[in-house]
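Colleague: Pasting in a structure now, in structure tokens, and then I'll have a few things to ask.
The values are calculated or read from the model by the stated rules, or taken from the named source; none is laboratory data. Here the structure is a predicted model, which means the values were calculated and not measured. Cβ placement follows ideal geometry from the backbone for every residue including glycine, while neighbour counts extend to all protein chains displayed. Quick note on the areas: whole protein, heavy atoms, side chains included, nothing else; ligands and nucleic acids left out. Shrake-Rupley method; radii C 1.70, N 1.55, O 1.52, S 1.80 Å.
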Amino acid sequence: MERPDGAVMDGLHVSRLALSHFRSHRSLQISLDSRPVAIHGRNGAGKTNILEALSLLSPGRGFRRAKVRDMANNDAGAGWKVHAAIRSGGQMHETEFSSDDGQARQLKINGKTAPQGDLAEIARVLWLIPAMDRLWMEGAEGRRRYLDRMALGLVPAHASVSIAYEKAMRDRNRLLRERVSDGRWYGALERVMAKAGVAIHSNRLTTLKTLNLVQSVADTAFPSAKLELAMPAGSMPVLEEDFLAMLESGRGRDLAAGRSLLGPHRADLRAFYTAKGMPAAHCSTGEQKALLISLILANARAIAENFGSPPILLLDEVSAHLDSHRRTALQSEIDRLGAQAWMTGTSMELFDFMGDSAQHIAVTERDGISAIEVRP
């Protein structure tokens, strides 16, 4: 694949995946090329568990946000391991996640212990899963998390500032709940919140501006969505010193509430079906799904420009919700991107439209243990 400037992209892809006692997979080993991957099997066979393992290649807790001990195979105690060889930037990187006896997850990159943030140097991963189908209908927390995942793909430092903000806010909220009124306890925490909070807000605005622009020029069969960041009135200034002053002046109100009332943690993401000028929340179920697919493709195009290679896409049960026209359109988009897309479905027929352009994996399950068969 070529970028608009003519430079050739070195496609990011997983070339080998091995699971040990992860979820329903007691043992799994597959070797792959850069083509899309079609995974099929009946419900509960273990298809989504493979995608969850791949979602760990992005900083965070994976798309299920599961506890470490919940990822272990039921008959294997509390230990599990995920190994992925990633081709990125013309080099091979060996990544390994593991947990022993329910302890915190450990990451090694090329044999050396590494923080999760280092994953952003070698990979980008986006996902669309059934749990996101009601994104526009449910609470703001899920939409903030979705926005931050999009921002992370474009601004890797977004992860560290988000962590810093959340930690400082938790500590400040504890002081508020304990009715601590001495301002000296708050100063350092509020300075961290002010610095990180302004960075979070800026990253989010940049992400939305980028995705709106990418969609406006895209030639795609999927509907575009206009994205906006909604904030409670006066809750997020753009300057660090202004946000710090707001936190200081708002302590009395926050003390009464027992929590921090202003900041980027109060943001909400709004989307509008561009062609209809209609809020996504008022669209049909099918239209909402199409908008989500459009957004993940727009995010992927933006990452391809920013990172130099399209991200790995994890698309769980997407084909079942699309008619034949949109399935073909999705395949065309993936081909155009040059992305390694991992797609799941309950039958092989759902992927007939992909033909030889995909690698096919059949997943079966017996007595709670999954097994795979790689098919040509």
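Colleague: Among all residue pairs at least 6 apart or on different chains, which show Cβ distances below 6 Å where the first residue, located in the range 309-322, is under 11 Å from Ile296 (Cα atoms) and the second is open to solvent by 10 Å² or more (accessible area, probe 1.4 Å) and assigned to a loop (DSSP other than H, G, I, E, B)?
Modeller: Final answer for the pair search is Pro311/Arg124.
Colleague: Follow-up question, since we're still on this one. Out of the range 75-100, which residues are touching a residue at least 24 places away in the same chain (Cβ under 8 Å), within 17 Å of Arg23 (Cβ to Cβ) and in a loop (DSSP other than H, G, I, E, B)?
Modeller: Asp75, Ala76, Gly77, Ala78, Gly79
Colleague: Which residues, counting only those in the range 49-74, are in a helix (DSSP H, G or I) and more than 29 Å from Gly90 (Cα to Cα)? Show your work before the answer.
Modeller: Applying the first criterion (in a helix (DSSP H, G or I)) to the range 49-74 yields 49-55, 68-71.
Scanning the range 49-74 gives Val68, Arg69, Asp70, Met71.
Condition check ((1) closer than 18 Å to Thr364 by Cβ; (2) at pLDDT 95 or above) across all residues:
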{"position": "Gln29", "(1), (2)": "yes, yes"}
{"position": "Lys47", "(1), (2)": "yes, yes"}
{"position": "Ser55", "(1), (2)": "no, yes"}
{"position": "Gly62", "(1), (2)": "no, no"}
{"position": "Val68", "(1), (2)": "no, no"}
{"position": "Arg87", "(1), (2)": "no, yes"}
{"position": "Ala104", "(1), (2)": "no, no"}
{"position": "Gln116", "(1), (2)": "no, no"}
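Colleague: Those residues that are open to solvent by 50 Å² or more (accessible area, probe 1.4 Å), under 21 Å from Leu205 (Cα atoms) and either in a loop (DSSP other than H, G, I, E, B) or modelled with pLDDT under 95 (or both), I need them from the range 236-265; list them, please.
Modeller: Residues satisfying the conditions are Val238, Leu239.
Colleague: Any idea which of (1) touching a residue at least 40 places away in the same chain (Cβ under 8 Å); (2) open to solvent by less than 40 Å² (accessible area, probe 1.4 Å) is the one Phe272 doesn't satisfy?
Modeller: With respect to (1) touching a residue at least 40 places away in the same chain (Cβ under 8 Å); (2) open to solvent by less than 40 Å² (accessible area, probe 1.4 Å), Phe272 is out only on (2).
Colleague: Tell me the residue from Gly41, Gly60, Gly117, Gly46 that is of a type outside the set (Val, Ile, Thr), in contact (Cβ under 8 Å) with a residue 24 or more places away in the chain and farther than 23 Å from Asp316 by Cα, please. So that I can check it myself, show each step before the final result.
Modeller: Numbers: Gly41 fails: farther than 23 Å from Asp316 by Cα; Gly60 fails: farther than 23 Å from Asp316 by Cα; Gly46 fails: farther than 23 Å from Asp316 by Cα.
Answer to the check: Gly117.
Colleague: Would you mention how many residues in the range 275-284 are of a type in the set (A, V, I, L, M, F, W, C) and surrounded by fewer than 16 Cβ atoms within 10 Å (Cβ to Cβ)?
Modeller: Counting residues in the range 275-284 that are of a type in the set (A, V, I, L, M, F, W, C) and surrounded by fewer than 16 Cβ atoms within 10 Å (Cβ to Cβ) gives 3.
Colleague: Taking the range 282-328, which residues are under 18 Å from Val217 (Cα atoms) and in contact with a Phe, Trp or Tyr (Cβ under 7 Å, 6 or more places away or on another chain)?
Modeller: To start, the set of residues in the range 282-328 that are under 18 Å from Val217 (Cα atoms) comprises 290-306, 310.
Result: Ala290, Leu291, Ile293, Ser294, Leu297.
Colleague: Out of curiosity, is Val180 of a type in the set (A, V, I, L, M, F, W, C) and in contact (Cβ under 8 Å) with a residue 24 or more places away in the chain?
Modeller: no
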